[in-house]
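As structure tokens, the structure follows; a few thoughts come after it.
Laboratory data are not the source of any read-out in this text; all were calculated from the coordinates shown. In this text, all values refer to a predicted model and were calculated from it rather than measured experimentally. Heads up, the Cβs are rebuilt from the backbone with ideal geometry, glycines too, and the neighbour counts pull from every protein chain shown.
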Amino acid sequence: MSDAPHPQPIDPRVPPSGTGCAECTQTGSWWLHLRRCAACGHIGCCDDSLNTHATKHAESTGHPIIQSFEPGEDWFWDYRTQAYVEGPELAAPDSHPADQPVPGPHGHVPGDWEALLEEHSAR
């Protein structure tokens, strides 16, 4: 296997960066759903989360394609076209652990999380 960068915005060889949003995990925040960068494996929180780290990662890196990192979901999204796209099977694991709560992570989700998300989406 070559160590050369993959020429397309999807590199199926790269494993995910972890089991939760990389930035939220570092700051002690929480997320609703998780998305995986198809180019580098970065795990970020979705646009319905307060911090929208998956989109911020795509904007800062130029990595345009994500895949859902939720159990049972395998869809890809292309930020450039704002549309679902086809993609290959990515390196395991293909989701966060099934026992990880949604929203997550356990112990960091405030009791009023639904109201916080409603307020966030109204902005």
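Which one of 100, 67 is closer than 12 Å to residue 33 by Cα, touching a residue at least 40 places away in the same chain (Cβ under 8 Å) and polar (S, T, N, Q)? Please lay out each step first, then the result.
Details: 67 fails: touching a residue at least 40 places away in the same chain (Cβ under 8 Å).
Just one listed residue meets the conditions, 100.
Where residues in segment 31-45 are aliphatic (A, V, I, L, M) and assigned to a loop (DSSP other than H, G, I, E, B), which of them is surrounded by the most Cβ atoms within 10 Å (Cβ to Cβ)?
Top of the filtered list is 38.
Can you name every residue in segment 109-122 that is part of a loop (DSSP other than H, G, I, E, B), surrounded by fewer than 11 Cβ atoms within 10 Å (Cβ to Cβ) and of a type in the set (A, V, I, L, M)?
Correct list: 122 only.
Out of all the residues in segment 74-87, is one or more within 24 Å of residue 13 (Cβ to Cβ), surrounded by 10 or more Cβ atoms within 10 Å (Cβ to Cβ), of a type in the set (Asp, Glu) and out of contact with any His (no Cβ under 8 Å at 6 or more places or on another chain)?
yes
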